[in-house]
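The values are calculated or read from the model by the stated rules, or taken from the named source; none is laboratory data. Note that the coordinates shown come from a computational prediction; the quantities given were computed from them, not determined experimentally. Glycine gets a Cβ as well: all are built from the backbone with ideal geometry, and neighbour counts include every protein chain shown. For accessibility, only protein heavy atoms count, side chains too; no ligands or nucleic acids. Shrake-Rupley method; radii C 1.70, N 1.55, O 1.52, S 1.80 Å.
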Amino acid sequence: MAPRVSRLRSPVSPIFLVLVALTAAGGALTLLPAEGAIVGGTVLLVLAGWAVSLCLHEFSHALTADRCGDHSVRGLGYLTLDIRRYANIGLTLVLPLLFLVLGGIPLPGGAVWIQRSALRSRPAMSAVSIAGPIANLVLAGVIALALALTSPPLPLAAALAFLGLIQVLTFVLNLLPVPGLDGWGVIDPYLPYGTRAGAARIAPYAPLAIILLLFLVPGASAVLFLVADALFTLVGGDSLLAAVGQDQFISLLR
């Protein structure tokens, strides 16, 4: 059932600005000379920063859809960067955050309702699907560039590098050709109707199955991180620094 279209909303949600402020606050905490502050600041920066990136990912889908003919995204509030428009509390917010804390693996955590029949062409449909992952990759590059230009203290640099690596992990995961993920959305317009219909039936469950396989199959998550590390290096990131940030992050669980 499609969500109800509401009136147009203001361009940027205050909730998004709060998430940005929380990310900055986490960064500030990492600058304090105390282990608890560094760990807490890293966790806050990464989790709030991930929520910010989720908003940017889904906004990119919606903005591309709007440019390609589906103007319903405006009334649905998808262009406001309001995380409430992209996620529900349980399946698309709490569960992804839990996976992120437990294994540093960013389960896709949001969705925008696109009227694909309103899009102008099959290439437009593919463009809408790939726009979100591209936003994550661009954000990873921006983080890497900012670190290279500013050289912040190690705890902050490591936390930011880990957040950047998470963006690359999100990019790689989302581009897997699995129903329910953006990679499938890129190729879906060119597939036979029967294949598309069958994929639609399993799309709600397939992404979660992929994440479970990454946790349960020995070596699977290591391969994912290996690919992400290589790609993060290509966009200018420091994988070793990201590993330090991940260690700071998971210190919460020790």
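Quick notes
- Burial order of peptide ranges 154-163, 20-29 (average beta-carbon count within 10 Å, highest first): 154-163, 20-29
- Packing order of peptides 114-123, 167-176, 191-200, highest average first: 167-176, 114-123, 191-200 (average count of other Cβ atoms within 10 Å over each peptide's residues).
- Protection proxy ranking of 222-232, 237-247, 129-139, by the mean of other Cβ atoms within 10 Å over each peptide's residues and highest first, is 129-139, 237-247, 222-232.
- Angle of helix 154-174 to the longest C-alpha principal axis of the chain, folded into 0 to 90 degrees and rounded to 10: 20°.
- Helix-only CD estimate at 222 nm, as mean residue ellipticity for the chain, using -39500 (n - 2.57) per DSSP H run (n ≥ 4): -21500 deg cm²/dmol
- Of all accessible heavy-atom area on the range 19-84, the percent that carbon and sulfur account for (1.4 Å): 71 percent
- In the context of the full set of protein chains, the range 123-167 has a per residue accessible area of 35 Å² (1.4 Å probe).
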